[in-house]
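Shown next, in structure tokens, is the structure this report addresses.
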Amino acid sequence: MELFEKRLFEEVLNMAVSRFSERIVQRCQGTEMALQLLKANSEADGVWLKQFVENFFLDNLLNDCGGASFILQSLERRKLTAEALQGMSGSVGEVMQLMARHVFADLVKAKTIESLEQSLAYGGS
């Protein structure tokens with residue numbers, strides 16, 4: 001992967017984490033509650049990570065094979081479990097998109113948890 005692609009991916013990831021963090025803090029009425037819910041269940045009311053990632057991909061033109069390829073190339077070292085692959089069927093392009101959303105969602109969740117914990121540690125509400 002080229003350096004400019006790595007940088008572009010970092011920008012995309014940072015934008016996703018920022019938007020997701022802001023959204024769940026507002027919906028969950030505070031950083032502490034947002035963090036608790038995200039850790040407990042990423043599909044809890046007010047969190048809805050899967051829907052966020054689907055919308056994020058759509059809004060940022062990542063919801064096709066090219067976008068999936070970009071995400072998968074960027075995250076080539078991340079692991080996919082057998083459980084994650086269950087239920088992924090369809091055309092190669094559809095499966096690529098499902099895998100891309102899955103690994104991206106996992107990373108957004110981890111980075112958002114990290115961001116919210118830092119926010120609380122440094123005086124966030």
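The values are calculated or read from the model by the stated rules, or taken from the named source; none is laboratory data. Keep in mind that this is a model prediction, so the values were computed, not measured. Heads up, the Cβs are rebuilt from the backbone with ideal geometry, glycines too, and the neighbour counts pull from every protein chain shown. Remember, those area values only see protein heavy atoms, side chains included, never the ligands or the DNA or RNA. Shrake-Rupley method; radii C 1.70, N 1.55, O 1.52, S 1.80 Å.
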Which of the residues that make up segment 1-18 are open to solvent by 90 Å² or more (accessible area, probe 1.4 Å), in contact (Cβ under 8 Å) with a residue 40 or more places away in the chain and among the aromatic types (Phe, Trp, Tyr)? none
Check Leu80, Leu72, Leu62 and return the single one that is on the phi < 0 side of the Ramachandran plot and in a helix (DSSP H, G or I). Leu72
Looking only at segment 80-125, how many residues end up being open to solvent by 60 Å² or more (accessible area, probe 1.4 Å), of a type outside the set (D, E, K, R) and closer than 20 Å to Gln29 by Cα? 5
Report every pair of residues separated by at least 6 positions or lying on different chains whose Cβ atoms are under 6 Å apart, first residue within segment 82-98 and modelled with pLDDT of 90 or more, second outside any helix (DSSP H, G or I) and open to solvent by less than 50 Å² (accessible area, probe 1.4 Å). Val95/Met88; Leu98/Met88
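Can you tell me which residue in segment 19-34 is nearest to Asp45 (Cα to Cα), limited to those that are without any contact (Cβ under 8 Å) to a residue 40 or more places away in the chain and open to solvent by 40 Å² or more (accessible area, probe 1.4 Å)?
Of the residues in segment 19-34, the ones without any contact (Cβ under 8 Å) to a residue 40 or more places away in the chain are 19, 22-23, 26-29, 33.
Next, from what is left, pick out any that are open to solvent by 40 Å² or more (accessible area, probe 1.4 Å): 19, 22-23, 26-27, 29, 33.
Details: Arg19: 17, Glu22: 15, Arg23: 12, Gln26: 12, Arg27: 9, Gln29: 12, Met33: 12 Å.
Among those that are without any contact (Cβ under 8 Å) to a residue 40 or more places away in the chain and open to solvent by 40 Å² or more (accessible area, probe 1.4 Å), it is Arg27.
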If we keep just the residues of segment 53-74 that are crowded, with 20+ Cβ neighbours inside 10 Å and among the aromatic types (Phe, Trp, Tyr), which is farthest from Ser115 (Cα to Cα)? Phe57
Since Ser42 meets every condition but one in (1) in a loop (DSSP other than H, G, I, E, B); (2) of a type in the set (Ser, Thr, Tyr); (3) over 15 Å from the mean Cα position of the chain (by Cα), which condition does it not meet? (3)
